[in-house]
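Just so you know, all these numbers are worked out from the coordinates, no wet-lab data involved. Everything numeric here is computed off the predicted structure, so don't read it as measured data. Every residue, glycine among them, receives a Cβ derived from its backbone with ideal geometry; neighbour counts consider all protein chains shown.
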Amino acid sequence: MRGTVKSLCKSLPSLGTVILLNVLIVYVFSIFGMQVLSGRVSYCGNPEVPTNTTKIDCEGKYGSKWVLPPANYNNIFSSMLTFFEIQTVEDW
């Protein structure tokens, strides 16, 4: 047990570098995701409406609600959170 704790304490400085590198990679992919997918993952909440319906048609013609999923790419925080969830296979 003592050897395990010593090894863990010696590896902490390296762990900070790995975490910083991981955050940088998630940040870069989040910016890329925002550029490519910003506003494109929303959908019409009514399942009977065709999938290629626009927001104006969904709310006006069909009287349904336009839904923004929790995992979206509309801002940097949501984009980073989405990529973190994908990376950790959380909430799938």
* To do: Distance from a point 7 Å along Cα→Cβ of residue 37 to each backbone N in the range 62-77: keep the residues under 15 Å and list them by number.
  => 68-77
* Structure fact -> Residue-ordered couplings for the range 55-67, obtained by feeding phi - 60° into the Karplus form 6.51 cos²θ - 1.76 cosθ + 1.60 and rounding to whole Hz (Gly and Pro as x), are 5, 5, 5, 4, 7, x, 6, 9, x, 9, 9, 7, 9
* Which of the following values of Kirkwood radius over Cα pairs in Å was calculated from the structure shown: (i) 16.8; (ii) 16.1; (iii) 15.3? -> (ii)
* **Per-residue ³J(HN,Hα) for the range 10-24, Karplus 6.51 cos²θ - 1.76 cosθ + 1.60, θ = phi - 60°, Hz, x for Gly and Pro** => 6, 8, 4, x, 5, 5, x, 5, 5, 5, 4, 5, 5, 5, 5
* Asked: For residue 55, which lysines qualify as cross-link partners when the Cα separation must be under 17 Å and same-chain residues fewer than eight apart are set aside?
  -> 65
* Expected 222 nm ellipticity per residue - DSSP helices of 4 or more, -39500 (n - 2.57), all of the chain, to 500 -> -20500 deg cm²/dmol
* Each residue of the range 77-84 in order: what ³J(HN,Hα) in whole Hz does its phi give by Karplus 6.51 cos²θ - 1.76 cosθ + 1.60, θ = phi - 60°, with x for Gly and Pro? -> 5, 5, 5, 5, 5, 5, 5, 5
* To do: Evaluate the distance, in nm, between pseudo-label points positioned 7 Å from the Cα of residue 8 and of residue 88 along their respective Cα→Cβ axes.
  => 1.9 nm
